[in-house]
């Protein structure tokens, strides 16, 4: 960082291992507001370092950029409890799917049978086959 404590877009991008176009995109989406030098060049300071780290944490948590903008531009993220609760519910659904996938793979690794011979695999496959239109699993409608 320069003695002024300011960085160029290239320096900030390098610090986080990002491409400069990512920072420009985040700026376009309202997530970053860099200061501008006299020539119009973007400059970033310590607060921007924290903001980029927070954006990356939000992305790792699965937030969309639009949701991050909503949360980061609010006086408090707690002003958007419904958004946060909805995201927790979505994470729970993803985790349940990931657990089911892990269990299926672990079963496949331990099972001495092929998918065609394995009762567990046949049950899992049958559960994924949608009913024909106008029919339920029990028979005609």
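Structure remark: mean-square fluctuation, Gaussian network model of the chain, C-alpha springs under 10 Å; the largest value among 63, 16, 115 belongs to 115. Taken along the Cα-to-beta-carbon direction at a fixed 7 Å, the label points for residue 88 and residue 109 span 3.2 nm. Relative to the dominant Cα principal axis of the chain, helix 119-128 is inclined by about 60°. When the chain is treated as a Gaussian network with alpha carbon springs shorter than 10 Å, the biggest mean-square fluctuation among 128, 15, 85 belongs to 128. When the alpha carbon coordinates of the stretch 76-130 are projected onto the principal axes, the ranges are 55, 26, 8 Å, largest first. In whole percents, the pair-distance distribution calculated for the stretch 42-110 from its alpha-carbon pairs, binned every 5 Å from zero, is 3, 14, 17, 18, 14, 10, 9, 7, 5, 3, 1, 0.
Specify the residue with the greatest mean-square fluctuation among 40, 50, 30, computed from a Gaussian network of the chain linking alpha-carbon atoms under 10 Å apart. Fluctuation is largest for 40.
Residues 55, 125, 9 in ascending order of nearby Cβ atoms (within 10 Å, fewest first): 125, 9, 55.
Here, each number is a calculation from the coordinates, and none is a lab measurement. As the structure is a computational prediction, the values presented were derived from the model and not from experiment. No Cβ is skipped: glycine too gets one built from the backbone with ideal geometry, and neighbour counts run over all protein chains shown.
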